Each structure stands twice: as C-alpha cells, then as structure tokens.
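*Asks:* Structure below; questions to follow.
None of the figures in this text is laboratory data; all of them are computed from the coordinates on show. Computed from a predicted structure; not experimentally measured. Cβ coordinates were reconstructed from backbone atoms using ideal geometry, including for glycine residues, and neighbour counts include every protein chain displayed.
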Amino acid sequence: MMKRDFKLGPFFESLETGVCVFLLFLMSLVVILQVFSRYIFNYSFVWAEELVRYLMIWMVMIGAALVQSRNDHIRIDFFPLLAGHNGRRIMETAFRLCTLTFLVIITVKGIKIALFNRLFESSGLRISMLWPTLAIPVGATLIGVYTVISLIQDIYLLCAGPADRSGDEDEGSSPGNPATGRSDRGASPSGEES
C-alpha cells in the first residue's frame, strides 16, 4: 500500500483503539456488576442493560471507523483480483465512491434522527436519547473521513505513472529492493547475499 502522508492517522487510530478498549472494559465491568448484584444481593440495576447497549453502539461505530482506517472491512475481492492493477484501482475507487454516498446519507439521516430524539429520555438512565443516537452520525463521519483519505490515495495511484507505483505492489511481488536495485531473495537477515 501507499505510505501514509497523513501524520495524524496513527494518533487517531490509537485514540480510537483506546476508546474502544475503554468502552469494552466499561461494558464488561457493568455486566459483571449487574450479574453479581442480581445473584448475590437479589437486586438489579435498572440502568445497567441500557448503559451496556448504548456503550456497545458507540464502540461498534468507533470500531468500524478504526477498521476502515486500516482498510480491513470484510469484502469479496474475487473480481478486483482478476481485473489487474488498473482495473482493481478503478473498482476500488468505485467501491469507495459508493461507500461515501452511503455514509453521507447515513450521516444526514442520523443527524436528523439524533436531533429528533433529543426530545426523548431513556427509561433507565434518564438521559436524552440524543447521546445514544449521536453515535450513528459521528461514526459515519469518522468512516467517511477515512474513506475520503483512501479515495484520494486510490485516485493518486490510478493517475500516477508506473514509476510512482513501486510502493503499491503486493508484498513479495516486487523483483527487488527499489533502494538498492538488488534482489532481496536469498538475503540473510544481516543484509548479505547468500
């Protein structure tokens, strides 16, 4: 893949990872507390299930953005692999444009729903329903940002000449080290030819 010139990318990825880990920890803690309370003290917290549900929605949306930043969403790549390099780039660009269109719709509709839901209160936590439903447009926006970055990279690689594609080849398919011009096959870990 093309090397990232987006310097804030690793920072945001680590931030999103940290948020997802924290949300998962908090969900686990609330569930353990709820089970312990129910079976030991015969008392249930009315807000526990609702809190876990809302935290999971936020975690899924932030996690989906994290996966998009790494371009690791599940996909069927049979036809793009058959299409060759330029065909694969064209298909990836078309897929990203479709994804971006879907994300714009989700963001706009999600904002409308979140603003409408701000008038309602959750039954257990007694918070505005704005906060749980805000996860959808926020997550779609984050996914959209990463999609736009990947789209720009795809268009650049599609328009770039063969000399600019050296970093885009699949691992193991390049004939040698572009820095030295020598083949890396048969090289020992110390860098000497075997």
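*Asks:* Looking at Gly110, is it assigned to a helix (DSSP H, G or I) and closer than 26 Å to Val19 by Cα?
*Replies:* Criteria met by Gly110.
*Asks:* Please work out which residue is surrounded by the fewest Cβ atoms within 10 Å (Cβ to Cβ), limiting yourself to the stretch 18-52 and to residues that are out of contact with any helix residue (DSSP H, G or I) (no Cβ under 7 Å at 6 or more places or on another chain) and within 19 Å of Thr133 (Cα to Cα).
*Replies:* Glu49
*Asks:* Now for a different question. For Phe12, are the conditions met, namely being among the aromatic types (Phe, Trp, Tyr) and in contact with a helix residue (DSSP H, G or I) (Cβ under 9 Å, 6 or more places away or on another chain)?
*Replies:* So Phe12 fits the description; yes.
*Asks:* To continue, here is another question. If I ask for residues that are touching a residue at least 40 places away in the same chain (Cβ under 8 Å) and of a type in the set (D, E, K, R), which ones from the stretch 31-52 would you list?
*Replies:* Matches in the stretch 31-52: Glu49, Glu50.
*Asks:* Considering (1) under 18 Å from the mean Cα position of the chain (by Cα); (2) free of Cβ contacts under 8 Å to residues at least 12 places away in the same chain, say which one Ser69 fails and leave the rest.
*Replies:* (2)
*Asks:* Further question: Among all residue pairs at least 6 apart or on different chains, which show Cβ distances below 6 Å where the first residue, located in the stretch 131-145, is under 19 Å from Arg96 (Cα atoms) and the second is part of a helix (DSSP H, G or I) and β-branched (Val, Ile, Thr)?
*Replies:* Pro137/Thr107; Pro137/Ile111; Ala140/Ile106; Ala140/Thr107; Thr141/Thr107
*Asks:* Checking the conditions here, which among Thr101, Thr107 is out of contact with any Leu (no Cβ under 6 Å at 6 or more places or on another chain) and either touching a residue at least 24 places away in the same chain (Cβ under 8 Å) or more than 19 Å from Thr147 (Cα to Cα) (or both)? Quick ask: steps written out before the conclusion?
*Replies:* On the way: Thr101 fails: either touching a residue at least 24 places away in the same chain (Cβ under 8 Å) or more than 19 Å from Thr147 (Cα to Cα) (or both).
Sole residue among the options that is out of contact with any Leu (no Cβ under 6 Å at 6 or more places or on another chain) and either touching a residue at least 24 places away in the same chain (Cβ under 8 Å) or more than 19 Å from Thr147 (Cα to Cα) (or both): Thr107.
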